[in-house]
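Q: For reference, the structure I am asking about is given below.
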Amino acid sequence: MNLQNSPTSPHSFLNPEGWVPTKGYANGVMAEGKVIFTGGLIGWNGQQRFEHDDLVGQFEQTLRNIVAVLDAAGARPQHLVRLTWYVTDKAEYLGNLKEIGAAYRRVIGRHFPAMAVVQVVALMEDAAKVEIEATAVIPHG
């Protein structure tokens, strides 16, 4: 097993021997500490109003919402160990990868935990284009 420690993360990223290194996510993460789980957060603001109709704008707001919840627990983006994204339009997602990546780096930085992206038929809020669940671990001490 290949453990990759990041200088900005208290976690170890897992990449099995012989596997091609991943780009933009980790195959697995090993962490120990206080665990934080978010619910499925969407791209509206704290008053539950959408400021953006497009996927990229909603995606960036969703990440900002995740960071706000982490902050309430005393955590930072580098404590993230897993993100699960639900998008309503795969073509829109794939067509905006560059902009999505730029938004991700603006909000989260260059910290890439284990991630999964899934296309879904719809989300509970009709105007929502993305929903993300996050897991973070604040290390002991």
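Just so it is clear, none of the values below were taken in a lab; they were calculated from the coordinates. No experiment lies behind these values; they were computed from the predicted model shown. All Cβ positions, even for glycine, are placed from backbone atoms using ideal geometry, and neighbour counts span all protein chains on display.
Q: Rounded to the nearest 10 degrees, what's the angle between the helix 97-107 long axis and the longest principal axis of the chain, both from Cα atoms, 0 to 90?
A: In the chain, helix 97-107 runs at an angle near 70 degrees to the longest axis.
Q: Return one number: the angle in degrees, 0 to 90 and rounded to the nearest 10, between the long axis of the Cα atoms of helix 55-72 and the longest principal axis of the Cα atoms of the chain.
A: 50 degrees
Q: Counting Lys and Arg as +1 and Asp and Glu as -1, what is the net charge of the other residues whose Cβ lies under 15 Å from the Cβ of Asp71?
A: Numbers: positive: Lys34, Arg64, Arg76; negative: none.
Within the 15 Å Cβ shell, the charges total +3.
Q: Moving on to the next point. Taking Rg and Dmax of the Cα atoms in Å straight from the coordinates, which label in (1) 19.3, 63; (2) 16.9, 61; (3) 15.1, 48 is the correct one?
A: Checking each listed value against the structure points to (3).
Q: Separate question: Taking the mean number of other Cβ atoms within 10 Å as a proxy for protection, how do you rank 79-85, 40-46 from highest to lowest? List each step's numbers first, then the result.
A: On the way: 79-85: 21.7, 40-46: 17.9.
The packing order, highest mean first, is 79-85, 40-46.
Q: Something else about it: Can you give the local net charge around Gly46? Use residues other than it whose beta-carbon is closer than 14 angstrom to its beta-carbon, Lys and Arg +1, Asp and Glu -1.
A: Values: positive: Arg49, Arg64; negative: Glu51, Asp71.
Local net charge: 0.
Q: Let me ask something additional. Using Cα springs under 10 Å in a Gaussian network model of the chain, which residue among Asp54, Asp89, Asp126 shows the largest mean-square fluctuation?
A: Asp126
Q: Under 5 Å between amide hydrogens, which residues at least 5 positions from Ala26 or on another chain qualify, with H placed 1.01 Å from N in the peptide plane?
A: Placed amide hydrogens put Ala114, Met115 under 5 Å from Ala26.
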